[in-house]
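One structure, as structure tokens, below. Some questions next.
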Amino acid sequence: MSKFSPCLWFDGKVEEAAEFYVNAFEESKINKVDYYVDSEHQPKGSVLTVTTTLAGQEVILLNGGPEFSLTPAISFFVECETEAQIDKLWETLSHNGEVLMEFGEYPFSKKYGWLKDQYGVSWQLVLAETPQSIAPSFLFVGAQFGKAEEAMHQWIEIFGDGQVEYVQKNSDGTVAQALFTMHGQPFRVMDSGEAHDFTFTMGTSFYVYCKDQAEIDQLWEAVTAKGKEWPCGWMEDEYGVC
């Protein structure tokens, strides 16, 4: 089992979205569906979570209601092996969605594009000529601008078993693109000084699988030291990542 699993917050349509993503990605399936037993947020018997595997990565879809929204502050970087594969994935995910960066050739890749799909999830697709894979990508904007490198090192220190793979800097010293791993899983961070009207929210959070209560307590204390505690076992770090 992977150490980290992205959790995407939906206001309904979780089963529909799960089917959509499973059909879009390779090596994908629906693993299980859990239902509300007794909750003031959703009717008893309605879907609570749908746990999926997408391109080999566990992704959890949560039917949480209207309180939080997904934003491009956390997108998912998808490396694709062939042009046919990336073309098909772009066509599928962009249907009824919104293009954030046009799909085409860039200095760093023969094919790349950034989009927000019909459910609000943001994806960056790149032709990498490697087996299809998904990595969370964190965009530090607004008050968090310039903190990408700091956050990357802090997360590695807190969660352990991590290393920085590469860092590409902008002329002002901020991060244009950085790749790091924790417990064998890839993550990316970027800074953007553009005037974006979004930031991190609980719309995208991360399950962290722990071996025992001691590890839970240690991580909880470290993450919330300059962050915030939420009910139901949720926590937020100093950068607003949950």
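The values are calculated or read from the model by the stated rules, or taken from the named source; none is laboratory data. Given the structure is predicted, the values throughout are model-derived calculations rather than measurements. Every residue, glycine as well, gets a Cβ built from its backbone with ideal geometry; the counts of neighbours run over all protein chains shown. Only protein heavy atoms, including side chains, enter the accessible area calculation; ligands, DNA and RNA are left aside. Shrake-Rupley method; radii C 1.70, N 1.55, O 1.52, S 1.80 Å.
Could you tell me the calculated FRET efficiency between SER171 and PHE198, based on Cβ-Cβ distance and R0 = 22 angstrom, to the nearest 0.05? Intermediate values should be presented prior to the final figure.
Working: r = 25 Å, r/R0 = 1.12.
Using R0 = 22 Å, I get an efficiency of 0.35.
Across the range 23-34, in residue order, what do the Karplus-derived ³J(HN,Hα) couplings come to in whole Hz, using 6.51 cos²θ - 1.76 cosθ + 1.60 with θ = phi - 60° and x for Gly and Pro?
Each residue of the range 23-34 in turn: 6, 7, 9, 7, 6, 10, 6, 8, 8, 6, 10, 10 Hz.
Just the C-alpha atoms of the range 112-191: what Rg/Rh do they give, with Rh taken as the Kirkwood radius?
Computed over Cα atoms, the ratio is 0.98.
What residue among CYS80, CYS232, CYS210 shows peak mean-square fluctuation when the chain is described by a Gaussian network model with Cα springs under 10 Å?
Its mean-square fluctuation being the largest, the pick is CYS232.
If MET1, MET182 are ordered by their accessible area, calculated over protein heavy atoms with a 1.4 Å probe, which sequence runs from highest to lowest?
Working: MET1 190, MET182 10 Å².
Descending accessible area places them as MET1, MET182.
Another question about this same structure. Of all DSSP beta bridges located in the chain, what percent are antiparallel, nearest 5? Don't jump to the answer; show the numbers that get you there.
Numbers: 47 of 60 bridges.
If I count the DSSP bridges inside the chain, around 80 percent turn out antiparallel.
Quick one: length gained pulling LEU100 to TRP220 fully straight, 0.36 nm per residue minus the C-alpha distance? Can you show the working numbers first?
Working: separation 120, 0.36 × 120 = 43.20 nm, distance 3.46 nm.
Additional length available on full extension: 39.7 nm.
Gaussian network model of the chain, Cα springs within a sub-10 Å range: biggest mean-square fluctuation belongs to which of PRO66, PRO107, PRO186?
Judging by the Gaussian network model, the answer is PRO107.
For a quick check of your reading of the filter: which GluC sites (Glu not before Pro) in the range 1-66 sit in a DSSP loop and have no more than 16 other Cβ atoms within 10 Å?
On the way: sites: GLU15, GLU16, GLU19, GLU26, GLU27, GLU40, GLU58; in loops: GLU26, GLU27, GLU40.
Hits after loop and neighbour filter: GLU26, GLU27, GLU40.
Next question. Extent of the range 51-130 along each principal axis, from alpha carbon coordinates, in Å, largest to smallest?
Principal extents (largest minus smallest coordinate, Cα): 39, 25, 20 Å.
Where in the range 25-58 is the amide nitrogen less than 11 Å from a point lying 7 Å along the Cα-to-Cβ axis of TYR209?
58, by backbone N distance to the label point.
Across 5 Å bins from 0, what is the distribution of all Cα-Cα pair distances for the chain, in whole percents?
The percentages, shortest bin first, are 1, 6, 13, 18, 20, 18, 14, 7, 3, 1, 0.
Under 28 Å Cα to Cα from LYS32, which lysines show up? Leave out anything in the same chain fewer than 8 places away.
Reachable lysines: LYS3, LYS13, LYS44, LYS88, LYS116, LYS211.
Now, a different point. Per the helix-only calculation at 222 nm, which mean residue ellipticity applies to the chain, given -39500 (n - 2.57) for every DSSP H run of n ≥ 4 and division by its residues, nearest 500 deg cm²/dmol? Let's see the in-between values first.
Numbers: 4 runs with 47 residues, N = 242.
Roughly -6000 deg cm²/dmol at 222 nm, from the helical runs in the chain.
Now, a different point. Can you give me the solvent accessible area of LEU100 with a 1.4 Å probe, rounded to the nearest 10 Å²?
Approximately 70 Å² for this residue.
For ASP217, tell me the accessible area in Å² from a 1.4 Å probe, rounded to the nearest 10.
80 Å²
Ignoring everything but the protein chains, give the 1.4 Å probe accessible area of THR53 in square angstrom, nearest 10.
Using a 1.4 Å probe on the heavy atoms, I get roughly 30 Å².
Right, something else. From the Cα trace of the range 1-82, what convex hull volume per residue do you get, rounded to a whole Å³?
113 Å³
A further question on this structure: Are there chymotrypsin sites (Phe, Trp or Tyr not before Pro) in the range 82-129 that DSSP marks as loop and that have at most 13 other Cβ atoms within 10 Å, and which are they? Display every interim value, and only then the final one.
Numbers: sites: TRP90, PHE103, PHE108, TYR112, TRP114, TYR119, TRP123; in loops: PHE108, TYR119.
When the chymotrypsin sites (Phe, Trp or Tyr not before Pro) of the range 82-129 are filtered for loop state and at most 13 Cβ neighbours within 10 Å, PHE108 remain.
Hey, could you grab the Kirkwood Rh for the range 99-242? Inverse mean 1/r over distinct alpha carbon pairs, Å, one decimal.
Roughly 16.7 Å, rounded to one decimal.
With just the Cα atoms defining each centre, how far is the range 159-225 from the range 113-155? Give it in Å.
10 Å
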